[in-house]
1. Working carefully through the options 96, 54, find the one that is assigned to a helix (DSSP H, G or I), on the phi < 0 side of the Ramachandran plot and not polar (S, T, N, Q).
2. Checking residue 39 against (1) out of contact with any strand residue (DSSP E or B) (no Cβ under 8 Å at 6 or more places or on another chain); (2) in a strand (DSSP E or B), only one condition comes out false. Which one?
3. Is one or more of the residues making up region 35-45 farther than 29 Å from residue 119 by Cα, in contact (Cβ under 8 Å) with a residue 12 or more places away in the chain, out of contact with any helix residue (DSSP H, G or I) (no Cβ under 7 Å at 6 or more places or on another chain) and surrounded by 16 or more Cβ atoms within 10 Å (Cβ to Cβ)?
4. Need the failing condition index for residue 3 against (1) within 13 Å of the chain's Cα centre (by Cα); (2) modelled with pLDDT under 95, just the number.
5. Taking the residues in region 53-90 that are touching a helix residue (DSSP H, G or I) at 6+ places or on another chain (Cβ under 7 Å) and modelled with pLDDT of 95 or more as candidates, determine which candidate is surrounded by the fewest Cβ atoms within 10 Å (Cβ to Cβ).
6. Can residue 65 be described as in contact with a Ser or Thr (Cβ under 8 Å, 6 or more places away or on another chain) and in a strand (DSSP E or B)?
Amino acid sequence: MSEEFKIGDIVTGIYKTGKYIGEITAIKPEHYLVKVKAVLRHPMQGDIHSPKDVNVPLFQERRALAFNEQTNVPKKMVRPFSGEVPDYKASLKEAVDKTKSDLETEGTEWALRSLENMKVLESDYFK
C-alpha cells in the first residue's frame, strides 16, 4: 500500500511520462489531485501507447503540465518531496534541456522526431 498523504502536502508525482512537484489539493479513492509547482522530467514525445516508435498514426507533441494546473495522479505514483520547491519556469527549462540532451545523445529516428517537437515546445514555453 502506498503512503497516505494529506491536503497541503508537497509531493512528487508521475503523470503519464512527466514527473512533477506539486501540492495535494484533494484526495480521491484512487488518486490525489495535485497542483503542479515544478517540473522534474518533461513528458516523452510521440504515442504513449507505442513508446519510442515513429511509425504511429499520430506522433504527438506532449506538453508539460502548466504551473498550478491540477491533475489526478494515481496514489501509487505519488511520493513525498522534501526541500525547497524550485521556480516553475527554471525547472521547466532544466527539464527541457535535459530531455533535449538525452535525445541528441540517443540519435534514433524517434529521438530526432522528438527533438523537432521539443524545439516547437521550447519556443512556445520561453517566448
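1. Sole residue among the options that is assigned to a helix (DSSP H, G or I), on the phi < 0 side of the Ramachandran plot and not polar (S, T, N, Q): 96.
2. Failed condition: (1).
3. no
4. The failed condition is (1).
5. Residue satisfying both the conditions and the ranking: 63.
6. Taking the combined requirement at face value, the residue does not satisfy it.
The values are calculated or read from the model by the stated rules, or taken from the named source; none is laboratory data. Worth saying up front: this structure is predicted, and the values here are computed from it rather than measured. Cβ sites come from the backbone with ideal geometry, for glycine too, and all protein chains shown count toward neighbours.
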